[in-house]
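One structure is given below, encoded as structure tokens.
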Amino acid sequence: MTPIIGFAGYSGSGKTTLLEKLIPLLKQHGLRIGLIKHSHHTIDPDTPGKDSYRLRHAGCAQTLMATRERHMLYFEYPEPSRDEPTLDECLRQLDHSQLDLVLVEGFREAAIDKIEIHRPSYGKPLLYPHDPHILAFACDAPAPADCPLPVLDLNQPEAIAAFILSRLEQTPAI
């Protein structure tokens, strides 16, 4: 199984911004990165009027668009009340033979190792006291005095990348 590390935090805490900086840093070390991002919002990255959009909306349950540069796989669920996808379902859709590490944004409740992203100025509660899978605490201010975890500076993505690389070297599966 490909090593997985999640990034857990409340909306607006900076998870996406951090990942945007971390991914190129990890790629510089030769890692092939996969990413799973969970959203509670409806998304449609396709363009209305394009052939792919028209064919997808004609009624297909699954549509795979393939080009020389990328493949995009769409799953359509006719029932809007469908349960949220699970992380395991999403992981099964990745080609793990092409990956060295999977980064996960969201799926805060998943039982995977993760780094908590926290900004005290937002006034949100801490996650690590209630989640044994959080292995580090990334913050833009001093961590709570009783924080038992490694503390990472949210504004130092190089240090967070080094932490992840160190974890990968220590254990083959995070």
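The values are calculated or read from the model by the stated rules, or taken from the named source; none is laboratory data. Bear in mind the structure is a predicted one, so any value in this text is a computation, not a measurement. Here the Cβ is made from the backbone with ideal geometry for all residues, glycine too, and neighbour counts use every protein chain on show.
In table form, for the structure just shown:
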| item | result |
| --- | --- |
| One residue from 129, 125 being in a helix (DSSP H, G or I), more than 20 Å from the chain's Cα centre (by Cα) and closer than 25 Å to residue 17 by Cα | 129 |
| Options 74, 10, 53; residue that is out of contact with any Pro (no Cβ under 7 Å at 6 or more places or on another chain), modelled with pLDDT of 80 or more and aromatic (Phe, Trp, Tyr) | 10 |
| Number of positions in segment 103-127 that are over 28 Å from residue 27 (Cα atoms) and surrounded by 17 or more Cβ atoms within 10 Å (Cβ to Cβ) | 1 |
| Strands (runs of 3 or more DSSP E) wholly inside segment 1-117 that include at least 1 residues being touching a Gly at 6+ places or on another chain (Cβ under 7 Å) | 33-37, 101-105 |
| Qualifying residue in segment 23-36 (condition: touching a Cys at 6+ places or on another chain (Cβ under 8 Å), modelled with pLDDT of 90 or more and assigned by TED's automatic domain parsing to the domain that holds residue 103) | yes |
| Residue in segment 104-115 that is of a type in the set (Lys, Arg) and modelled with pLDDT of 95 or more present | yes |
